[in-house]
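*Asks:* The structure under discussion is supplied below as structure tokens; questions concerning it will follow.
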Amino acid sequence: MRVHVADHPLITHKLTVLRDERTPSPQFRQLTAELVTLLAYEATRNVRVEEVEIVTPVTTTVGLRISDPRPLVVPILRAGLGMLDGMVTLLPSAEVGFLGMARNEETLEPTTYAERLPHDLSGRQCFVLDPMLATGGSLGAAIDFLFARGADDVTAVCILAAPEGLATIERQVGDRNVTLVLGALDERLNEKGYIVPGLGDAGDRLYGTV
């Protein structure tokens with residue numbers, strides 16, 4: 001498993017505003033999209049491409065384009081939806097699937113309540129969007145789900161991660177082709193399974209409580 005923690009002053013600046021409890025939902029949503037676009041630049045560094053011949057106003061040349069099958073972007077509902085616009089801004093040719101997962105606040109275990117994905121992901125690169133890698137349960141279940149459908153390359157994009165969640169994913173993925181791209185690696189989890197210092201519940205801060 002490869003782990004890339006983004007190190008850029010713009011990312012740190014946007015994260016600082018996201019962490020602030022005074023930041024309202026509209027600004028939180030806008031900053032999340034901007035931040036994910038920056039993270040997507042790193043996440044797509046190894047996206048698969050193929051050569052294509054084109055004609056410029058001056059001459060004929062060979063360039064690169066995203067190859068088929070197209071990448072699949074998979075936000076984990078509901079908080080992952082807040083990351084989708086930022087990702088497809090940089091990768092507009094990607095297809096989009098959805099996984100609905102919720103964490104049981106008693107056991108901290110994930111449950112899948114909805115999915116909208118191709119049945120066969122053979123040969124597909126998949127990009128999973130999950131703002132918070134806390135215990136690792138939801139993201140780990142999503143990674144297993146995609147590989148079970150035939151995916152051979154999964155990249156997860158997370159705004160924040162805790163060391164405990166990172167260790168869980170590393171144990172779980174084994175020798176499968178997995179990359180994690182993180183905005184920051186925080187200190188720890190608290191007794192309720194929240195990232196410290198973190199930014200609170202990403203879903204609630206994006207969309208409000210339900």
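The values are calculated or read from the model by the stated rules, or taken from the named source; none is laboratory data. In this text the structure is predicted, and so the values were computed from the model without any measurement. Cβ: placed from backbone, ideal geometry, glycine included. Neighbour counts: every protein chain shown. These area figures cover heavy atoms from the full protein model, side chains too; ligands, DNA and RNA do not enter into them. Shrake-Rupley method; radii C 1.70, N 1.55, O 1.52, S 1.80 Å.
*Asks:* If I filter segment 91-110 down to residues being out of contact with any Lys or Arg (no Cβ under 7 Å at 6 or more places or on another chain), of a type outside the set (Val, Ile, Thr) and under 22 Å from Leu121 (Cα atoms), which single residue comes out as surrounded by the fewest Cβ atoms within 10 Å (Cβ to Cβ)?
*Replies:* Among residues in segment 91-110 that are out of contact with any Lys or Arg (no Cβ under 7 Å at 6 or more places or on another chain), of a type outside the set (Val, Ile, Thr) and under 22 Å from Leu121 (Cα atoms), the one surrounded by the fewest Cβ atoms within 10 Å (Cβ to Cβ) is Pro92.
*Asks:* Continuing with this model, one more query. Would you mention how many residues in segment 22-39 are part of a helix (DSSP H, G or I) and touching a residue at least 12 places away in the same chain (Cβ under 8 Å)?
*Replies:* Residues flagged as part of a helix (DSSP H, G or I) and touching a residue at least 12 places away in the same chain (Cβ under 8 Å) within segment 22-39 amount to 12.
*Asks:* Inspect all residues belonging to segment 162-176 and state whether any of them is within 13 Å of the chain's Cα centre (by Cα) and closer than 24 Å to Pro69 by Cβ. Break it down stepwise before answering.
*Replies:* Filtering segment 162-176 for residues within 13 Å of the chain's Cα centre (by Cα) gives none.
The answer is no, given that none of the residues of segment 162-176 is within 13 Å of the chain's Cα centre (by Cα) and closer than 24 Å to Pro69 by Cβ.
*Asks:* Test Thr155 against the criterion of being more than 24 Å from Glu106 (Cα to Cα), among the hydroxyl-bearing types (Ser, Thr, Tyr), touching a residue at least 12 places away in the same chain (Cβ under 8 Å) and open to solvent by 20 Å² or more (accessible area, probe 1.4 Å), and give yes or no.
*Replies:* no
*Asks:* Given the criterion out of contact with any Pro (no Cβ under 9 Å at 6 or more places or on another chain), over 18 Å from Thr179 (Cβ atoms) and surrounded by 14 or more Cβ atoms within 10 Å (Cβ to Cβ), identify the matching residue among Val5, Val62, Val88.
*Replies:* Just one listed residue meets the conditions, Val88.
*Asks:* Pairs only if they're at least six apart or on different chains, beta carbon under 7 angstrom, first in segment 129-149 and under 18 Å from Pro163 (Cα atoms), second assigned to a loop (DSSP other than H, G, I, E, B) and open to solvent by 30 Å² or more (accessible area, probe 1.4 Å); list them, first residue then second.
*Replies:* Ala134/Tyr194; Thr135/Leu108; Gly137/Leu108; Gly137/Glu109
*Asks:* Separate question: Determine whether Ala79 is touching a residue at least 12 places away in the same chain (Cβ under 8 Å), of a type outside the set (Asp, Glu) and either open to solvent by 30 Å² or more (accessible area, probe 1.4 Å) or farther than 20 Å from Gly198 by Cβ (or both).
*Replies:* Taking the combined requirement at face value, the residue does not satisfy it.
*Asks:* Is it fair to say Thr32 is surrounded by 14 or more Cβ atoms within 10 Å (Cβ to Cβ) and in contact with a strand residue (DSSP E or B) (Cβ under 8 Å, 6 or more places away or on another chain)?
*Replies:* It is true that Thr32 is surrounded by 14 or more Cβ atoms within 10 Å (Cβ to Cβ) and in contact with a strand residue (DSSP E or B) (Cβ under 8 Å, 6 or more places away or on another chain).
*Asks:* While we're looking at this one, here's another question. Could you list all residues from segment 72-100 that are over 19 Å from Arg29 (Cβ atoms) and either polar (S, T, N, Q) or part of a loop (DSSP other than H, G, I, E, B) (or both)?
*Replies:* Selection gives Leu91, Pro92, Ser93, Ala94, Gly97.
*Asks:* Within the set of pairs 6 or more residues apart or between chains, which connect a residue that is at negative phi and part of a loop (DSSP other than H, G, I, E, B) inside segment 40-61 to a residue that is of a type in the set (Ser, Thr, Tyr) and open to solvent by less than 80 Å² (accessible area, probe 1.4 Å) with Cβ atoms less than 7 Å apart?
*Replies:* From residues that are at negative phi and part of a loop (DSSP other than H, G, I, E, B), the pairs are Arg48/Ser67.
*Asks:* Looking at segment 39-54, can you tell me whether even one residue there is β-branched (Val, Ile, Thr), open to solvent by 60 Å² or more (accessible area, probe 1.4 Å) and under 23 Å from Gly97 (Cβ atoms)?
*Replies:* yes
*Asks:* Among the residues of segment 123-152, what is the count of those that are among the charged types (D, E, K, R) and either open to solvent by less than 30 Å² (accessible area, probe 1.4 Å) or at pLDDT 95 or above (or both)?
*Replies:* Number satisfying all stated conditions: 2.
*Asks:* List the number of the failed condition for Leu10; all other conditions in (1) under 19 Å from the mean Cα position of the chain (by Cα); (2) over 29 Å from Gly137 (Cβ atoms); (3) open to solvent by less than 70 Å² (accessible area, probe 1.4 Å) hold.
*Replies:* If we test Leu10 against (1) under 19 Å from the mean Cα position of the chain (by Cα); (2) over 29 Å from Gly137 (Cβ atoms); (3) open to solvent by less than 70 Å² (accessible area, probe 1.4 Å), just (3) comes out false.
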